1. Could you check, for region 62-76, whether at least one of its residues is exposed (fewer than 14 other Cβ atoms within 10 Å of the Cβ), in contact with a Phe, Trp or Tyr (Cβ under 9 Å, 6 or more places away or on another chain) and closer than 15 Å to THR31 by Cβ?
2. Look at region 63-95 and say how many of its residues are free of Cβ contacts under 8 Å to residues at least 40 places away in the same chain, in a helix (DSSP H, G or I) and of a type in the set (D, E, K, R).
3. Mind checking which residues of region 111-139 are under 19 Å from HIS94 (Cβ atoms) and hydrophobic (A, V, I, L, M, F, W, C)?
4. For the list (1) more than 18 Å from TYR97 (Cα to Cα); (2) in a strand (DSSP E or B), I need the number of the one condition that ARG51 fails.
5. Pairs, please: C-beta under 6 Å, at least 6 apart or cross-chain, first residue in the same structural domain as GLY140 (by TED's automatic domain parsing) and in region 112-126, second surrounded by 14 or more Cβ atoms within 10 Å (Cβ to Cβ) and not in a helix (DSSP H, G or I)?
6. Only residues that are among the aromatic types (Phe, Trp, Tyr), closer than 20 Å to ALA70 by Cα and in contact with a Leu (Cβ under 7 Å, 6 or more places away or on another chain): list them for region 10-60, please.
7. Restricting attention to region 43-61, which residues are loosely packed, with under 13 Cβ neighbours inside 10 Å and not hydrophobic (A, V, I, L, M, F, W, C)?
8. Being surrounded by 14 or more Cβ atoms within 10 Å (Cβ to Cβ) and under 17 Å from the mean Cα position of the chain (by Cα) narrows it down to one residue among LEU23, LEU34; which is it?
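The values are calculated or read from the model by the stated rules, or taken from the named source; none is laboratory data. The structure presented is a predicted model; accordingly, all values stated were derived computationally and were not measured. Glycine gets a Cβ as well: all are built from the backbone with ideal geometry, and neighbour counts include every protein chain shown.
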Amino acid sequence: MPTGMAGGGHIGYSPVLPPRGDLAMDQFRRTHALYAKYGMDYHASFAMGERSLTNVNQLLYNKDDPAMMARVDAMFRELVADASAHRYGEYRTHIEYMDLVASSYDFNKNALRRLNQRVKDALDPNGIIAPGKSGIWPKGRRA
């Protein structure tokens, strides 16, 4: 690495919403405001699908800057809370945030989590395969 260059990283944030321009603009405004609140450069785009719209964000940071890392963590948590409040789902996330994102899928008293746990228990009763992946923990390790 050249002298003076810091180690960079990113965390993705990509909520999925209905393919409507008004909802996209509202979501953009809220997200852009959070970038400003946390002193981060806006780095995002929208990807259009047949039945959905995904706001793909990269929260870029200097991994050698603890204060920036703390801002990114707080910002990501606020972004997930915002998506959840509007009933949008985060479609993928960093391993550090899998439990947080999984908990945002809370419809019908966490029906999706209960289903995933039942399937996990049936197919992997010893909890060997990817314990905790996507917020799906084996029976003996659930909080």
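1. Yes, because at least one residue in region 62-76 is exposed (fewer than 14 other Cβ atoms within 10 Å of the Cβ), in contact with a Phe, Trp or Tyr (Cβ under 9 Å, 6 or more places away or on another chain) and closer than 15 Å to THR31 by Cβ.
2. Qualifying residue count for the region: 3.
3. Within region 111-139, ALA130, ILE136, TRP137 meet the criteria.
4. (2)
5. Pairs that qualify, where the first residue is in the same structural domain as GLY140 (by TED's automatic domain parsing) and the partner is surrounded by 14 or more Cβ atoms within 10 Å (Cβ to Cβ) and not in a helix (DSSP H, G or I), are LEU112/TYR105; ASN116/ILE136; LYS120/ILE136.
6. TYR13
7. As a first pass, look at region 43-61 and keep what is loosely packed, with under 13 Cβ neighbours inside 10 Å: 43, 45, 47-51.
Of everything in region 43-61, those that are loosely packed, with under 13 Cβ neighbours inside 10 Å and not hydrophobic (A, V, I, L, M, F, W, C) turn out to be HIS43, SER45, GLY49, GLU50, ARG51.
8. Values: LEU23 fails: under 17 Å from the mean Cα position of the chain (by Cα).
Exactly one residue qualifies, and that residue is LEU34.
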